[in-house]
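Read the structure below first, then the notes.
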Amino acid sequence: MSSASAGATPDPLAAAGIPQAAPPLSPSTNHEPVVVFEDVSIGFGREPVLDGVSFKINYGETRILMGPAGQGKSVLLKLTNGLLRPDSGRIFVFGEEISAMREDDLFELRGSIGTVFQEGALFDSLTVRDNVGYRLMEEHVPEDEITRRVAEALRFVELEQTLAKFPSQLSGGMRRRVAIARAIVTNPKLILYDSPTGGLDPITSTTIIELVMKQRDVAHTTSLVITHRLQDAFVLATHHYSREKGAMDPLPPGHADPNTSFLMLHDGKIVFDGSTKELVESEDPFIREYLT
């Protein structure tokens, strides 16, 4: 992240509380895919989890991954950031084949990936400031810069006042917002959200989805969002974040965000890969049952 120098024109992203190292490129700009899975399979023991999975995530795109519980969605996310390696197939992130990458190189690559883990996964013994700034501390960033960047990230999730608090002093929704702040503090090129609203009430879930939407529409960050909640998925697909209002707005009836699309996982395979319109109009029996 960078702060504007004295007398410089204010950065609208910084004013909105978005931590950015540089103004984002338009999602429509021609780039190679950020994530590519090529015929990826993995199993544990004799149990296959993913079987021949192939898909891609383009620059500036948000892919929403859905499917029944226990189908390997979290495993897929861990494969994406190199925490697991596939039994077969290839995975590319930022053009690099991470499925064949050394751990030292993976650690460096993960500096460009933000991850929001299930339940937030905060360190109970660390303050909010140190939780959000943990990766920066690992990189030996100067303390004053860590504090500034953490404050910016917390401003984005509207939790500036929690800097010195501990996770035990926060509500479940606040802890999840801190987890999002931790994911964006390094200015990632890719964000992985593992069930960011799991276990939260509907009102708090909507607040979290609005933050995911804000990152998508203001910073244009490429993302993969795992969710079990159909309402959250369709709110994300059919609304946009208004900087003028500081809140999300519904798109016109029948419209969906063009840079948001769906993946569906079932029995270890991708059974759907397409737009919101294609999903709701699908005649596939499994998809129709899942959506109802």
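Every number in this text was worked out from the coordinates using simple rules, so none of it is lab data. Small disclaimer: the values here were computed from a predicted structure and weren't measured. Cβ sites come from the backbone with ideal geometry, for glycine too, and all protein chains shown count toward neighbours.
In table form, for the structure just shown:
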| item | result |
| --- | --- |
| Rg to Rh, two decimals, where the range 119-187 supplies the alpha carbon set and Rh follows Kirkwood | 0.92 |
| Trypsin sites (Lys or Arg not before Pro) restricted to DSSP loop in the range 71-180 with at most 11 other C-beta within 10 Å | 102 |
| Virtual spin-label span in nm between residue 39 and residue 140, 7 Å along Cα→Cβ | 4.4 |
| Gain in span if fully extended, residue 107 to residue 32, counting 0.36 nm per residue against the direct Cα distance | 24.8 nm |
| Semi-axis lengths (Å, descending) of the ellipsoid that matches the C-alpha gyration tensor of the chain | 30, 23, 19 |
| Among 161, 43, 250 the positive-end extreme of the charge dipole of the chain (Cβ point charges) | 161 |
| Calculated FRET efficiency for the pair residue 203/residue 164, C-beta based, R₀ 25 Å, to 0.05 | 0.40 |
| Cβ-derived FRET efficiency at R0 35 Å, residue 94 paired with residue 288, nearest 0.05 | 0.45 |
| Cα-centre dipole for the chain with unit charges at Cβ (Lys and Arg positive, Asp and Glu negative), debye to 20 | 520 |
